[in-house]
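Have a look at the structure below, then the notes.
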Amino acid sequence: SLSDYLQSFAEPVLVIDPNGRIITVNESGQKVLNKEIKEIEGYLGGEVFGCEYSKEPGGCGETLHCLSCVVRNTVENTYHTGIAHHRISACQDLDIVSGPRTIKFIISTEKIEKAVLLKIEEIHTA
């Protein structure tokens, strides 16, 4: 099953639909995001990660900043072309309880049927 497959990864892995909504996530992903599954499934990636721009009018995927979002653009490219991407550097400006900060990621993507697996291989706080 998809759930069993996702649990085989030690890294956080999210399954994302063509609209940028998270279909599901493995346990490692839930821990990194510090959220319950009901707070993840069905939400846009920027909402789940806490991207500060997802709170602007239009929301995740609809702001000027979203045009340069490496995470979003890599997921969309993989979905539309079927080309997997490996070890891509990305960053995101998060609005968290302790205040705004930038997080740097190393991500990989792979298309699986009508969704994209987003694997977070490294996380660095700036």
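The values are calculated or read from the model by the stated rules, or taken from the named source; none is laboratory data. Being a predicted model, the structure only gives us computed values, none of them experimental. Every residue, glycine among them, receives a Cβ derived from its backbone with ideal geometry; neighbour counts consider all protein chains shown. For the accessible areas, the whole protein counts, side chains as well, though only heavy atoms, and no ligand, DNA or RNA atoms are used. Shrake-Rupley method; radii C 1.70, N 1.55, O 1.52, S 1.80 Å.
Would the stretch 2-23 turn up any residue that is of a type outside the set (Val, Ile, Thr) and touching a Pro at 6+ places or on another chain (Cβ under 8 Å)?
No; the residues of the stretch 2-23 include none that is of a type outside the set (Val, Ile, Thr) and touching a Pro at 6+ places or on another chain (Cβ under 8 Å).
Looking at the stretch 72-91, is at least one residue of a type in the set (A, V, I, L, M, F, W, C), assigned to a helix (DSSP H, G or I) and either closer than 18 Å to Asn19 by Cα or within 11 Å of the chain's Cα centre (by Cα) (or both)?
Checked the stretch 72-91: at least one residue is of a type in the set (A, V, I, L, M, F, W, C), assigned to a helix (DSSP H, G or I) and either closer than 18 Å to Asn19 by Cα or within 11 Å of the chain's Cα centre (by Cα) (or both).
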key: Among (1) in a helix (DSSP H, G or I); (2) touching a residue at least 12 places away in the same chain (Cβ under 8 Å), the one test that Leu117 misses   = (1)
task = Within the stretch 27-59, track down each residue that is in contact with a Lys or Arg (Cβ under 8 Å, 6 or more places away or on another chain) and open to solvent by less than 60 Å² (accessible area, probe 1.4 Å).
result = Gly42, Leu44, Gly45, Gly46, Val48
request  = Filter the stretch 4-26 down to the residues that are modelled with pLDDT under 95 and open to solvent by 70 Å² or more (accessible area, probe 1.4 Å), then identify the one that is farthest from Lys119 (Cα to Cα).
outcome  = Asn19
